[in-house]
Amino acid sequence: MEVLLFETYEEMSRYAGRMIGDRMKAKPNLVLGLATGSTPLGTYKELIRLHREEGLDFSKVVTFNLDEYLGIAPTHDQSYRYFMDTNLFNHINIKKANTHLPDGKAKDPAKFCLEYEKAIKSAGGIDFQVLGIGGNGHIAFNEPGSPRSSRTRVVNLDEETIKDNSRFFAAVAEVPRQALSLGMATIMEAREVILLANKANKADAIVRSVEGPATEQVPASILQGHPRATFLVEKEAAAKLKGKYRKVRA
Ligand code: PGA
């Protein structure tokens, strides 16, 4: 895995947005894996800017999101569908039919998960996957202990994740306790992966993922075994790293 260090969140986000833009120019029908959360917001802003100011064309791009809360409708303002529409899709020329998220209201969630895996396969597989990281090292909602062989499935959220996400809900009791999430094996099959991290609350998860052993107890550490994974890390999130890594200005 490669680690790139950035002075600021803005620089990390610009760099990530440009990486995606470059891959889209090389392959206009790129299959893009997307993430929600506060971390990728700057990257999505850069993609919107590249579309508006430089004509970056999303008309053939296909997207698959990592996860969705179980039991939450797409119209709910905390659904990940709502997040993606308002923070990215509504501002670029992507076809909504080409944007996929797990359905939090699926009648048969287990069956839906199998279909989601099939849809990724029939689109040709994920070319480029964007990831954030949880304070506990999770990627998507693969919480510590998620098997390397896991596929898209219904997962129980960790207490730490529920607490982290409660800032978006009126009360902790309203945070969903389950989600649909891409599995570890599904993420590892993406041809290229970037993981973004900023802020001091990610510093432990980053040092454990990059410099600790690859273990299912720290899901992001499994990316050490990915042939083309890059961690883009802002200064505060990188504070506990001991090794020497490339510093990038963007
Ligand atoms: P955040 O979430 O970007 O809001 O910090 C990241 C995650 O939990 O994967």
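Step through the residues of segment 218-229 one at a time and calculate ³J(HN,Hα) from phi using the Karplus curve (6.51 cos²θ - 1.76 cosθ + 1.60, θ = phi - 60°), rounding each to whole Hz and writing x for Gly and Pro.
Computed from phi, the couplings for segment 218-229 are 10, x, 5, 5, 4, 5, 4, x, 8, x, 9, 10 Hz.
Quick one: which of LYS45/LYS199; LYS27/LYS95; LYS27/LYS96; LYS45/LYS163 span more than 22 angstrom between C-alpha atoms?
Numbers: LYS45/LYS199 18 Å; LYS27/LYS95 17 Å; LYS27/LYS96 19 Å; LYS45/LYS163 27 Å.
The answer is LYS45/LYS163.
Calculate the translational D of segment 7-109 in whole µm² s⁻¹ from Stokes-Einstein, where the hydrodynamic radius comes from the Kirkwood formula applied to all Cα pairs, the temperature is 4 °C and the viscosity 1.567 mPa s. Numbers along the way, then the final one.
Working: Rh = 14.2 Å.
The Stokes-Einstein estimate is 92 µm²/s.
Go through ALA173, CYS113, GLY55 and say which Cα lies farthest out towards the positive end of the charge dipole of the chain; charges sit on Cβ, +1 for Lys and Arg, -1 for Asp and Glu.
My answer, from the dipole projection, is GLY55.
SER79: net charge of surrounding residues, Cβ under 14 Å, Lys/Arg +1, Asp/Glu -1, itself excluded? If you can, show how the numbers build up before the last one.
Details: positive: ARG81, LYS105; negative: ASP67, GLU68, ASP77, ASP85, ASP103, GLU174.
For residues surrounding SER79, the net value is -4.
If amide hydrogens are placed 1.01 Å from N in the peptide plane, which non-local residues have theirs closer than 5 Å to the one on GLN217?
Close amide H contacts, sequence-distant or interchain: GLY145.
Which one of VAL31, VAL172, VAL218 has the biggest mean-square fluctuation once the chain is modelled by GNM with Cα springs under 10 Å?
The residue that fluctuates most here is VAL172.
In sequence order, what are the phi-derived ³J(HN,Hα) couplings for segment 66-80 according to the Karplus relation 6.51 cos²θ - 1.76 cosθ + 1.60 with θ = phi - 60°, rounded to whole Hz, with x for glycine and proline?
With the stated coefficients, segment 66-80 comes to 6, 7, 7, 5, 7, x, 9, 6, x, 7, 5, 6, 9, 6, 6 Hz.
Ranked by accessible surface with a 1.4 Å probe, highest first, in what order do GLU115, GLU53 come? Numbers along the way, then the final one.
Details: GLU115 90, GLU53 130 Å².
So the residues, ranked largest to smallest area, are GLU53, GLU115.
Hey, can you grab everything whose amide H is under 5 Å from the amide H of ILE126? Only 5+ residues off in sequence or another chain; H modelled, so Pro and N-termini drop out.
Answer set, sorted by chain and number: ARG191.
When the accessible area of the chain is computed with all protein chains present and a 1.4 Å probe, what percentage of it is carbon and sulfur? Please report the intermediate quantities before stating the final value.
Working: 5730 of 11180 Å².
Here carbon and sulfur together make up 51 percent of the probe-accessible area.
Using the Kirkwood formula over every pair of different C-alpha atoms, what hydrodynamic radius in Å results for segment 2-248? Please list the in-between numbers first.
Numbers: mean 1/r = 0.0555 Å⁻¹.
One over the average 1/r among Cα pairs gives 18.0 Å for segment 2-248.
Which ³J(HN,Hα) values, rounded to whole Hz and listed in residue order, are derived for segment 195-208 from phi using the Karplus coefficients 6.51, -1.76 and 1.60 in 6.51 cos²θ - 1.76 cosθ + 1.60 with θ = phi - 60°, glycine and proline given as x?
After applying 6.51 cos²θ - 1.76 cosθ + 1.60, I find 10, 9, 8, 9, 6, 5, 5, 9, 4, 5, 4, 5, 5, 5 Hz.
Report the net charge of residues surrounding HIS100, where surrounding means a beta-carbon distance below 11 angstrom and charges are Lys +1, Arg +1, Asp -1, Glu -1. Walk me through the intermediate numbers first.
Values: positive: ARG81, LYS96; negative: GLU68, ASP103, GLU115.
Net charge around HIS100: -1.
List the residues, sorted by chain then number, that are 5 or more residues from SER150 or on another chain and whose placed amide H is less than 5 Å from its amide H.
When sequence neighbours closer than 5 places are left aside, the close amide H contacts are MET184, ALA185.
If you roll a 1.4 Å probe over the heavy atoms of the protein chains, what accessible area per residue do you get for the chain, in Å²? Display every interim value, and only then the final one.
Working: 11180 Å² over 250 residues.
On a per-residue basis, the chain sits at 45 Å².
Per-residue counts of other Cβ atoms within 10 Å, averaged by peptide: what ranking do you get for 6-15, 160-169, highest first?
Details: 6-15: 19.6, 160-169: 14.9.
The peptides rank, most packed first, as 6-15, 160-169.
If you take every DSSP beta bridge whose two residues both sit in the chain, what share of them, in percent to the nearest 5, is antiparallel? Display every interim value, and only then the final one.
Details: 8 of 32 bridges.
Of those bridges, close to 25 percent are antiparallel.
Any chance you could check the Cα centroid distance between segment 178-229 and segment 110-155 for me, in angstrom?
Answer, in whole Å: 12.
The values are calculated or read from the model by the stated rules, or taken from the named source; none is laboratory data. From a predicted model like this one, the values you see are computed outputs, not experimental measurements. Reconstructed Cβ throughout: ideal geometry from the backbone, glycine too, with neighbour counts over all protein chains shown. The protein model used for the area step is the full one, side chains on, heavy atoms only, and it has no ligands, DNA or RNA in it. Shrake-Rupley method; radii C 1.70, N 1.55, O 1.52, S 1.80 Å.
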